[in-house]
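Data block below; observations after.
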Amino acid sequence: MLWLVLLPTEFGNSLSISVLWLILTVGGWMSLAVEIFVITPLLIAHQRYRWGWLNGWTGTALGFFLGAAPWPLMLLAFSDLDVLTVVAALDMAWKTGLVGATAAVVFRLLAVAPVE
């Protein structure tokens, strides 16, 4: 999904090829780590405690913020705070946040059985 979001916005950019290569090589492992360490414990806890706050909307919001969170954190940790760097980080944050939200919706539709 991320390559689909990046392709129209970064087309022609010399960085786009290296970003696509990074997505293909590292993106799957990062998704697997988030699945194992964040999503699975949330689903187990939700099944056990029946949290009322964990529904489709909050799951989508969690997916968005999990996808978007690394960019502002990397910005604060590794960069000076000039305007162009902040704008670039926010640009990537909404793109990866959109991917996280989409993944959360798809995961919910496929993996969570409706309560009858």
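The values are calculated or read from the model by the stated rules, or taken from the named source; none is laboratory data. Note that the structure is a prediction, hence the values are computed from the model and not measured. Please note: Cβ atoms are built from the backbone with ideal geometry, for glycine as well, and neighbour counts cover all protein chains shown. Note: accessible area is taken over every heavy atom of the protein model, side chains too, but ligands, DNA and RNA are not part of it. Shrake-Rupley method; radii C 1.70, N 1.55, O 1.52, S 1.80 Å.
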Starting from segment 80-99, take each residue that is on the phi < 0 side of the Ramachandran plot and list its partners that are assigned to a helix (DSSP H, G or I) and polar (S, T, N, Q), counting only C-beta distances under 9 angstrom and pairs at least six apart or across chains. D91/T9; K95/T9
Residue pairs meeting the criteria (Cβ under 8 Å; at least 6 apart or on separate chains; first among the small types (G, A, S), in segment 19-48; second assigned to a helix (DSSP H, G or I)): G27/L2; S31/A103
Do we find a residue being outside any helix (DSSP H, G or I) and not polar (S, T, N, Q) anywhere in segment 82-101? yes
Could you list all residues from segment 66-91 that are within 24 Å of L32 (Cβ to Cβ), of a type in the set (A, V, I, L, M), over 10 Å from the mean Cα position of the chain (by Cα) and surrounded by 13 or more Cβ atoms within 10 Å (Cβ to Cβ)? M74
Working only within segment 25-47, note down all residues that are farther than 15 Å from T96 by Cα and of a type in the set (V, I, T). T25, I36, V38, I39, T40, I44
Among the candidates L20, L24, residue that is more than 15 Å from V112 (Cβ to Cβ), open to solvent by less than 80 Å² (accessible area, probe 1.4 Å), at pLDDT below 85 and not small (G, A, S): L20
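The rows are residues; the columns are (1) open to solvent by less than 60 Å² (accessible area, probe 1.4 Å); (2) of a type outside the set (K, R); (3) modelled with pLDDT of 85 or more.
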position: L6; (1), (2), (3): yes, yes, no
position: F11; (1), (2), (3): no, yes, no
position: Y49; (1), (2), (3): no, yes, yes
position: F64; (1), (2), (3): no, yes, yes
position: A93; (1), (2), (3): yes, yes, yes
position: G100; (1), (2), (3): yes, yes, yes
Hey, among the residues in segment 102-116 that are assigned to a helix (DSSP H, G or I) and not β-branched (V, I, T), which one's surrounded by the fewest Cβ atoms within 10 Å (Cβ to Cβ)? L110
Determine if segment 79-91 includes at least one residue that is of a type outside the set (D, E, K, R), at pLDDT below 85 and in contact with a Pro (Cβ under 8 Å, 6 or more places away or on another chain). yes
